[in-house]
Amino acid sequence: MRQAITNKNPFLVTAGILVFLACLPLVLPKFYVYILSLIFVTALLAMSLNLVVGHGGMYQFHHGVFYGIGAYTLALVLTKTSLPAWIGFAAAPVCSAIAGLLIGLFCVRLTKLYFGMLQISLGSLIWAIAFRWYALTGGDDGIHGIPIPGWIASISNSYYFILFLLTICLSVMYLILHSPFGSTLRAVRDNPERCEAVGINVRFHQLVAISIATFFAGLAGSLFVVVEGSVFPDLLFWVLSLEVFIMCLLGGWFTFAGPILGAAIIVALRTFVGVYTEYWTLILGIILILLIFFLPEGVMGFVEAKIKDRRETATRR
Amino acid sequence: MEWSESISIAALGSHLLVGLSRAMILFIVTSGLSFVLGVLRVPNVAHGSLYMIGAFAAFSIVNALGGGAPGFWAALVFAPLIVAGVSLVAERALFCHLYEREHLMLLLFTFALMLILGDLVKMVWGADYRSIMAPEFLRGSLPVFGSPFPKYNLFLLIVGPVVAVGLWLFSTRTRIGKIARAAAVDREMVGAVGINVSWVFAFAFVLGCFLAGLGGALVAPTVSVTLGMDHDIIIEAFLIVTIGGLGNMWGAMVGSLIFGITQSFGVLFWPQFAIVFPYAAVVIVLTLRPKGLLKSVW
């Protein structure tokens, strides 16, 4: 019986989850729909990070910057220009991807911790500029009351818009990761020297992965504007980047859907624990430590390992 | 763009001194981070939180002892010791069980520690802004280059090099310092000759955190002590360690000088974007010397 459930066509399972999620705004109060939208946006961000961290093996320590660039791009298009909104939605991921490529060009010359450190300094440079350039970005206040186009202004409409885009993005990511490119990327992660030796251009593959990931991060940033209607420099700050990093590790960074779970756990924790106590980061810290000690593969990794065990014992019988 | 008009030599000189004294604080904090990074190979994200605890502890000690010179000296001694105690507990209770794990997991652990310590500070000291006064003989200013220069900053200019020399003597002249340096280079060999590597790590971690606490106690009279200090310092400390060369103490000194001086000259030349300058300097250094200016112990 259990085997029958786990062996069902994953396509059907996904479709079922989607139908379920699409029905939720009909029954849930508005606040929960808003929280779900926020989870979707954060999940897209975490998934995009996992492309480079989990599958590419690069220490992308400052991914939040690209999220912030996407958010600021859309916000600036909507507030400072009279261009139609779709241009903003198109420009956000493209600008992020360009920034990702430029920063990546510097970073891929280095490895591991040095890669991460250089990225943090380049990212902090962008944060510092946004933090101080009052004329353009509103400085430390950010930009508030961004006019969201009418057709996605209501909470349930924006929910469907975000769910739609999230579905498309996740499908594209799935296809990318299961393409020859995805396999090569994982090969580069596991043994860059050998890849270099058999003629794979390591840096090129890393750069493409970074560009793709930052593209999706920028899209997630523009969706954040749809949900919140404001942008602020904290979106570009390194604390957010580390938080997203944690989501990947928490959910399980060697699994496909792990980061979604990690994002959901952290956003939900912040929202619901934050209601009861102002010390929610203390609770997050304790949960993280428990996780490190007991579930080092992440929640999803743990679940997948369990399912695999069950299957193996079932077939042995 | 608002370039300051007529930058005089005196202004340059006094900004240089401000930058240097800032660099001394950065050096004391960063050398601790660098020491931990060199020996344990762990980027300790919680280092900034320990610095913050040092500053808050100094505040409490100074207030408890009535704000005079004895309170200040007591704070300089006991605040770092309190921080060292906290780190010893964290290390022996939790961290020491993780050394065999993946690198990112250690990073994750220190991040969790940062979250926990940040909230504990909020619980103990609250979210208010605090400030303490330097003792009587370090208040006021002396004329340097024709413009007044705070005495406390001159004091920092003395303390910084003293700590640097002390740390250098410690790591080259004492047995435990030599063992720690050896563990940084080849930990398996150190274990093979019969030294308890776990305790060497504990010692290095606690010493690094002690320096964070000392930095916090020293910075307390010059800034408002508040939550969020940890976030500000840790990223600077990491960048300094990286441009200096991971685990290299003199690299931490060079990096701190670059960071402190570009910061204060940024204030002089282009105040609005002053915070951009040090990051730009880091980018330039890492572009030219990807592995840092001095030799890394990794």
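The values are calculated or read from the model by the stated rules, or taken from the named source; none is laboratory data. Worth saying up front: this structure is predicted, and the values here are computed from it rather than measured. Please note: Cβ atoms are built from the backbone with ideal geometry, for glycine as well, and neighbour counts cover all protein chains shown. Surface accessibility is based on the protein's heavy atoms, side chains included, excluding ligands, DNA and RNA. Shrake-Rupley method; radii C 1.70, N 1.55, O 1.52, S 1.80 Å.
Yes/no per residue for (1) closer than 25 Å to B:Ala55 by Cα; (2) within 14 Å of chain A (Cβ to nearest Cβ):
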residue: B:Ala204; (1), (2): yes, no
residue: B:Asp232; (1), (2): yes, yes
residue: B:Ile235; (1), (2): yes, yes
residue: B:Leu246; (1), (2): no, yes
residue: B:Val254; (1), (2): yes, no
residue: B:Phe259; (1), (2): yes, yes
residue: B:Gln272; (1), (2): no, yes
residue: B:Pro278; (1), (2): yes, yes
- Note on the structure: Residues of region A:96-125 being facing another protein chain (nearest Cβ under 7 Å) and β-branched (Val, Ile, Thr), in sequence order, are A:Ile120
- When residues of region A:199-252 are limited to those that are under 24 Å from B:Tyr279 (Cβ atoms) and not in a helix (DSSP H, G or I), the one most open to solvent (accessible area, probe 1.4 Å): A:Phe232
- Spot the failing condition for A:Leu250; the list is (1) modelled with pLDDT under 90; (2) closer than 14 Å to A:Val52 by Cα, and only one is missed. (2)
- Pairs, first within 9 Å of another protein chain (Cβ to nearest Cβ) and open to solvent by less than 10 Å² (accessible area, probe 1.4 Å) in region A:126-139, second in a helix (DSSP H, G or I) and at pLDDT 80 or above, C-beta under 6 Å, six or more apart: A:Ala128/B:Val276; A:Ala128/B:Tyr279
- How many residues are within 7 Å of chain A (Cβ to nearest Cβ) and part of a helix (DSSP H, G or I) if we restrict to region B:92-112? 6
- With respect to A:Ala263, determine if the residue is in a helix (DSSP H, G or I), away from chain B (no Cβ under 14 Å) and open to solvent by less than 10 Å² (accessible area, probe 1.4 Å). yes
- Task: Kindly check whether there is at least one residue in region A:147-165 that is modelled with pLDDT of 85 or more, open to solvent by 10 Å² or more (accessible area, probe 1.4 Å) and closer than 18 Å to A:Thr214 by Cα.
- Result: yes
- Message: I need the full set of residues from region B:46-67 which are more than 16 Å from B:Ile116 (Cα to Cα), assigned to a loop (DSSP other than H, G, I, E, B) and open to solvent by less than 30 Å² (accessible area, probe 1.4 Å), in order please.
- Response: B:Gly67
- Note on the structure: Given (1) modelled with pLDDT of 85 or more; (2) under 18 Å from B:Asn248 (Cβ atoms), B:Cys209 misses just (2)
- Note on the structure: Screening B:Val77, B:Val18, B:Val89 for residues that are in a helix (DSSP H, G or I), within 14 Å of chain A (Cβ to nearest Cβ) and surrounded by fewer than 23 Cβ atoms within 10 Å (Cβ to Cβ) leaves only B:Val89
- Could you tell me whether any residue of region A:275-294 is open to solvent by 30 Å² or more (accessible area, probe 1.4 Å) and of a type in the set (S, T, N, Q)? yes
- Specify which of the listed residues (A:Val65, A:Val41) is in a helix (DSSP H, G or I), open to solvent by less than 10 Å² (accessible area, probe 1.4 Å), within 24 Å of A:Ile146 (Cα to Cα) and touching a Ser or Thr at 6+ places or on another chain (Cβ under 8 Å). A:Val65
- Message: So, in region B:147-160, how many residues would count as being part of a helix (DSSP H, G or I) and farther than 17 Å from B:Phe35 by Cβ?
- Response: 9
- Item | Candidate set: region B:115-136, residues that are in contact (Cβ under 8 Å) with a residue 60 or more places away in the chain and in a helix (DSSP H, G or I); chosen: the one most open to solvent (accessible area, probe 1.4 Å) | B:Glu136
